[in-house]
């Protein structure tokens, strides 16, 4: 236990040395800090080079919904192959409408695809990213599917190939969950499990939501 | 496979070296028994497709063992798996590259209807972009189900008026 404490104190010193404004972040598992976007790269670099956190496990993002500000948070998970522990960093994007964040590709080449996925799903731009394109959807896809405002059923759009669209006359359609429920009753067992959708289909009884 | 085919009766004692039949019967017989698949393996159904090709199930019994991965040399596209909207134009383009006559088997729930993927990213049935001849239920279907679909497709091919289409086209 003592070693664990000293380790965390060392970590806190390392983070605060690089980013005095960093604050501890509520966490149930590993040590975590909130840092400013401007300090992210320096803190990541220091954790990697002086504290042995040599592996970037994951980069992901959170959309707290359009009403909240700051709306977008980017989260990094680092793993140390010598300590066998994790550390988490989180940074809020300054802008709610055009979110941006410094890229970690200069520190870990593996961050490249993680950041492209975040860009694809949330629309967060990564400064200095060498190849910031969509990775799952095609380049012309007009939406960011993991944003809170995007409906589970999807939104109509064009296919990526205009020739095929012209020939088949088809495109993306909204596909609502039909014939649910797909969860148990609220408060019952499994009620916290995903997906939480009830029957969202539109039909004679229920009009299509606008 | 041995089938009773009254259209193609041949008795050498009576007819010598001459076989008399209808063009439809001969063409359909050849087409149905050399149905070369274009394996469009997109998800887990493709594993069952591979099993169907292996010795235990042996799709070669139906003359369909020639998986060519080349649309020019194939007759039947087997769409095995989830078709995403990103993949849909590719599937259609490969179908367009296949030489006629050509058929399509939609293998499994995803290819038939989108399956459990009621989602922004998944095509809700491959029949939205290409004409499907046989649908197979299951998630994934067993190899026997694929062989059943192949036999259904052979039966369908044997009912076609191939000769008139051959000369009108």
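The values are calculated or read from the model by the stated rules, or taken from the named source; none is laboratory data. The model shown is predicted, which means the values in this text are computed figures rather than measured ones. Neighbour counts are summed over all protein chains in view; Cβ atoms, including those assigned to glycine, are modelled from backbone coordinates with ideal geometry.
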Number of the condition not met by residue B:86 [criteria: (1) more than 14 Å from chain A (Cβ to nearest Cβ); (2) part of a loop (DSSP other than H, G, I, E, B)]: (1)
Among (1) away from chain A (no Cβ under 14 Å); (2) modelled with pLDDT under 95; (3) in contact with a strand residue (DSSP E or B) (Cβ under 6 Å, 6 or more places away or on another chain) - the single one residue B:106 does not satisfy: (2)
Residue B:50 being more than 30 Å from residue B:166 (Cα to Cα), more than 14 Å from chain A (Cβ to nearest Cβ), within 16 Å of the chain's Cα centre (by Cα) and not in a loop (DSSP other than H, G, I, E, B): yes
So residue B:117, is it within 14 Å of another protein chain (Cβ to nearest Cβ) and more than 29 Å from residue A:199 (Cα to Cα): no
Failed item, numbered, when residue B:163 is tested on (1) over 23 Å from residue A:136 (Cβ atoms); (2) modelled with pLDDT of 90 or more; (3) in contact with a helix residue (DSSP H, G or I) (Cβ under 9 Å, 6 or more places away or on another chain); (4) outside any loop (DSSP other than H, G, I, E, B): (2)
Test result for residue A:49, assigned to a helix (DSSP H, G or I), exposed (fewer than 15 other Cβ atoms within 10 Å of the Cβ) and either in contact with a helix residue (DSSP H, G or I) (Cβ under 9 Å, 6 or more places away or on another chain) or at negative phi (or both): yes
Test result for residue A:38, assigned to a helix (DSSP H, G or I) and loosely packed, with under 14 Cβ neighbours inside 10 Å: yes
Scope the stretch A:95-111; condition under 24 Å from residue A:14 (Cα atoms) and part of a loop (DSSP other than H, G, I, E, B); matching residues: A:103, A:104, A:105, A:106, A:107, A:108, A:109, A:110
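Identify the residue in the stretch B:129-146 that is crowded, with 19+ Cβ neighbours inside 10 Å and not in a loop (DSSP other than H, G, I, E, B) and, among all such residues, is farthest from the other protein chains (Cβ to nearest Cβ).
Checking each candidate, the answer is B:143.
Every residue, every condition in (1) touching a helix residue (DSSP H, G or I) at 6+ places or on another chain (Cβ under 8 Å); (2) at pLDDT below 95; (3) under 24 Å from residue A:79 (Cα atoms); (4) part of a loop (DSSP other than H, G, I, E, B), yes or no:
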residue: A:113; (1), (2), (3), (4): no, no, yes, no
residue: A:131; (1), (2), (3), (4): yes, yes, no, yes
residue: A:142; (1), (2), (3), (4): no, yes, no, yes
residue: A:150; (1), (2), (3), (4): no, yes, no, yes
residue: A:155; (1), (2), (3), (4): no, yes, no, yes
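Hey, among B:22, B:31, B:61, B:92, which residue is free of Cβ contacts under 8 Å to residues at least 60 places away in the same chain and either more than 27 Å from residue A:176 (Cα to Cα) or within 14 Å of chain A (Cβ to nearest Cβ) (or both)?
B:92
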Single residue of the stretch A:157-179 satisfying the filter (exposed (fewer than 14 other Cβ atoms within 10 Å of the Cβ) and on the phi < 0 side of the Ramachandran plot) that is modelled with the lowest pLDDT: A:178
Long-range neighbours under 8 Å by Cβ, at least six apart or interchain, first residue closer than 14 Å to residue B:128 by Cα and more than 7 Å from chain B (Cβ to nearest Cβ) within the stretch A:151-166, second outside any loop (DSSP other than H, G, I, E, B) and at pLDDT 90 or above: A:158/A:165; A:158/A:172
